[in-house]
Amino acid sequence: GATVRADASALALWAPTARAVSACLYPDASGDAVRVAAMQRDEVTGVWRTRIDGDVRGQPYLYLVDVFVPGTGEVRNRVTDPYSVALTANSARSVLLDLADPSAQPADWDTYQRPAPLAAATDLSVYELHVRDFSIGDTTVRTDWRGKYLAFAEQSSAGMLHLRLLGDAGITDVHLLPVFDLATVPERGCVTPNIPDAAPDSDAQQEAIVAVASRDCFNWGYDPFHFSAPEGSFALAPDNAAARIREFRTMVMALHAAGLRVGMDVVYNHTSASGQDPRSVLDRIVPGYYHRLDARGQVERSTCCDNTATEHAMMAKLMIESAVLWTSAHHIDSFRFDLMGHQPKEAMQRLQRAVDSAAGQRVALIGEGWNFGEVADGARFVQASQLSLGGSGIATFTDRSRDALRGGGCCDSGEALLRNQGLLNGLHYAPNALNEGVQQVDALRRAADIARIGLAGTLRDAVLIGADGVQRTMSEYDYAGGPAGYAQEPAEVVNYVENHDNLTLFDINALRLPRETSREQRARAQVVGIAFTAFSQGVAYYHAGVEILRSKSLDRDSYDSGDWFNRLDFTYTDNGFGAGLPPRNRNLDDWALLAPVLADSGVAPRPEHIRWTRNAALDLMRIRASSTLFRLRTAADVRERLQFRNVGRAQDPTVMAVHLDGAGYAGAGYREILYFINVSPQARTLQIAEEANKPYALHPVHQAPEAADRTAREARYESTSGSFTVPARTAVVFVVP
């Protein structure tokens, strides 16, 4: 990368197979080169270096690399710096910028007070948010700041008020979908489609979006161009490199000022292009090195795009040093790794040590530990995947409880979209039209067992009495041919019922709940789903909008579906359902199934249901924050202090009943906690002999005058018999002071 100083700057580029390398300096973003500096090769390391005397701060630069490309021959590539920290618009040129320069810093950047470190890894409670979604429709944000970094500095906006509510309730980290430099969003001149006023099941809305999708202002951003520079489409002036970084840092400061730590979604497992594509950076410098190849020398694309080879020393170095830069230079507190299972465990452990050292404290790392593709089952290295990370402290998302709660799997299509009911949306106990008369009690019992495993932190060594009456370790329960329990410690699992991928919880429930389910009951089913995340041991993870019934109008993959299908409404008026048929390129095969649901006027919530869901979700977050018993620190703590009631052959699988022992536990707040999650549309009564003759009372959050879910107050405990009555679709917590 570049080391930039007022009197002289230095450039270094690893290009061991290059024949010659020069650096071209430019006066601005578009002018011709004003200086060309030949670079000298270190014969041992393959690094090319040059020193540039004088003050060149703020000047754009590119490398000229003469290199042999297999199958093409010798070429001269004009290419940006893979270690770029600043760029001109549309990633055309790297910029020589000292990140410590005052022009790149908001006032007080080096001295302001950041949120305190987490007391324990299991205290991490994440809210996943897209920068543009956050404010593009928020009229309380000044017009030119909407969809930008600076929207977070609008401290009295509806969106920031909402984030502060979440922070006050217990959210610790806002995780931003990719904010590094992206390849697919035009940073200048992007277009906003005109959405026609059409029926809820019309295809007209998506036609308007698809027509301009390659030129519009929206994309999730899982298409890396440069890993270590902020994206320009979120900046007011993308050509002003220092201002772009200053605005990014202003966003970080604003979130910190609201008491929220800042996390980043990072994508080091693939690039948006390879080979001689103009958007390819790495492959145009060292052809064939940075990407993972198959036996024929072709780039592997199992991730969706061009897979990087983080098992190679210099790709791992680039990843690690990039993460360190975000931590040290931009005050990022935590990271979510896209498709982390495609990376070596050893590289991720080195990265953990490096970012911890840079931050002077533990930096939380969470990621997708899915096991698939050319690296599956350790084919090329020990992966950073679910079954391999035990003892590392790095957390992976669990699909176990997610699927048990939602039903089916991540990528259901066709009739399975409706047929695959789960614990939250009626499996056996409230069959929809496709499941009428189908006996699914065994499937319900299996789902209940998997849900309990999730509540206990998906631990491999904890024990559970299953629906068959047999006690076994959670790793002995089957999930898709693998162990249901896999984590060594609770801090190594991330619990969620919804994230940016796939259908939102509201949408999956719109498809799977019986069609006649009322708006009120749909809201209650949503809150019960949130309760599973709030009460599960491990890391809690919430997708932005799950607390306000967010819908994407049944879009299964909204990565390029524009603002229309991805909108958030912090006025709590509209949840997005019935915005038209979702884009054809990812949903067309299912339109015939989706259209009748979208046309059903009884599905979309009214504002009062959205507000109630928000308030009920906040209450659940407050309950989680009120006691470390919901955030037990170690697997030993879980084994010692968490016990399930209502298990075995005689169980009622629609009710989770969990006892937490707080005796002598730091931060417990209560001697005992007993909580229930009833997914059924009917009240349920359980008699639990172990809990008789105890001074149980409803949790103070339930008893507060402002408590959202007044139904929870109808829960009853009969002390002499140990009988508990739990209202329909309700999560309720009893405590012993």
Check: Quick check: is even one residue across segment 142-149 touching a residue at least 60 places away in the same chain (Cβ under 8 Å), outside any loop (DSSP other than H, G, I, E, B), open to solvent by less than 10 Å² (accessible area, probe 1.4 Å) and under 25 Å from Trp564 (Cβ atoms)?
Finding: yes
Next item on the list: Within segment 509-535, count every residue that is open to solvent by 10 Å² or more (accessible area, probe 1.4 Å), in contact with a Gly (Cβ under 8 Å, 6 or more places away or on another chain) and not in a loop (DSSP other than H, G, I, E, B).
Entry: 1
Next item on the list: Could you list, in sequence order, all residues of segment 184-200 that are in a loop (DSSP other than H, G, I, E, B) and either within 29 Å of the chain's Cα centre (by Cα) or closer than 26 Å to Tyr222 by Cβ (or both)?
Entry: Thr184, Val185, Pro186, Glu187, Arg188, Gly189, Cys190, Thr192, Pro193, Ile195, Pro200
Notebook entry, point to check: Among (1) over 19 Å from Ala243 (Cβ atoms); (2) outside any loop (DSSP other than H, G, I, E, B), which single condition is Gly71 missing?
Noted result: (2)
Next item on the list: Go through segment 87-108 and give me each residue that's open to solvent by 10 Å² or more (accessible area, probe 1.4 Å) and in a loop (DSSP other than H, G, I, E, B).
Entry: Ala92, Arg93, Leu97, Asp98, Leu99, Ala100, Asp101, Gln105, Pro106, Ala107, Asp108
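Look through Tyr112, Tyr127, Tyr83 and report the one residue that is in a loop (DSSP other than H, G, I, E, B) and in contact with a strand residue (DSSP E or B) (Cβ under 8 Å, 6 or more places away or on another chain).
Values: Tyr112 fails: in contact with a strand residue (DSSP E or B) (Cβ under 8 Å, 6 or more places away or on another chain); Tyr127 fails: in a loop (DSSP other than H, G, I, E, B).
Going through Tyr112, Tyr127, Tyr83 in turn, just one is in a loop (DSSP other than H, G, I, E, B) and in contact with a strand residue (DSSP E or B) (Cβ under 8 Å, 6 or more places away or on another chain): Tyr83.
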Note to self: Among the listed residues Leu464, Leu427, Leu434, identify the single one that is open to solvent by 20 Å² or more (accessible area, probe 1.4 Å), over 25 Å from the mean Cα position of the chain (by Cα) and either at positive phi or modelled with pLDDT of 95 or more (or both).
What the structure shows: Leu434
Next item on the list: Might you check whether a residue that is touching a Pro at 6+ places or on another chain (Cβ under 8 Å), surrounded by fewer than 22 Cβ atoms within 10 Å (Cβ to Cβ) and closer than 30 Å to Pro582 by Cα occurs anywhere in segment 401-417?
Entry: no
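So if I check each of Arg19, Arg57, which one is charged (D, E, K, R), touching a residue at least 12 places away in the same chain (Cβ under 8 Å), open to solvent by 60 Å² or more (accessible area, probe 1.4 Å) and part of a strand (DSSP E or B)?
Values: Arg57 fails: part of a strand (DSSP E or B).
Arg19 is the lone residue from the list that is charged (D, E, K, R), touching a residue at least 12 places away in the same chain (Cβ under 8 Å), open to solvent by 60 Å² or more (accessible area, probe 1.4 Å) and part of a strand (DSSP E or B).
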Check: Arg472 fails exactly one of the following numbered conditions: (1) surrounded by fewer than 24 Cβ atoms within 10 Å (Cβ to Cβ); (2) outside any strand (DSSP E or B); (3) not acidic (Asp, Glu). What is the number of that condition?
Finding: (2)
Check: Is there a residue in segment 297-308 that is of a type in the set (Lys, Arg) and in contact with a helix residue (DSSP H, G or I) (Cβ under 8 Å, 6 or more places away or on another chain)?
Finding: no
Item checked: Conditions (1) of a type in the set (Gly, Ala, Ser); (2) in contact (Cβ under 8 Å) with a residue 12 or more places away in the chain; (3) surrounded by fewer than 18 Cβ atoms within 10 Å (Cβ to Cβ); number of the one not met by Ser553 -> (3)
Next item on the list: Could you please tell me which pairs satisfy a Cβ distance under 7 Å, a separation of 6+ or placement on different chains, a first residue in segment 580-609 that is among the basic types (Lys, Arg), and a second residue that is surrounded by 15 or more Cβ atoms within 10 Å (Cβ to Cβ) and not in a loop (DSSP other than H, G, I, E, B)?
Entry: Arg584/Gln206; Arg584/Val210; Arg606/Arg519
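The values are calculated or read from the model by the stated rules, or taken from the named source; none is laboratory data. Predicted, not measured: the structure shown is a model, and the values here were computed from it. In this analysis, Cβ positions are derived from the backbone assuming ideal geometry, glycine residues included, and neighbour counts consider all displayed protein chains. Ligands, DNA and RNA are stripped out before the accessible areas are found, and what is left, the full protein with its side chains, is counted by its heavy atoms. Shrake-Rupley method; radii C 1.70, N 1.55, O 1.52, S 1.80 Å.
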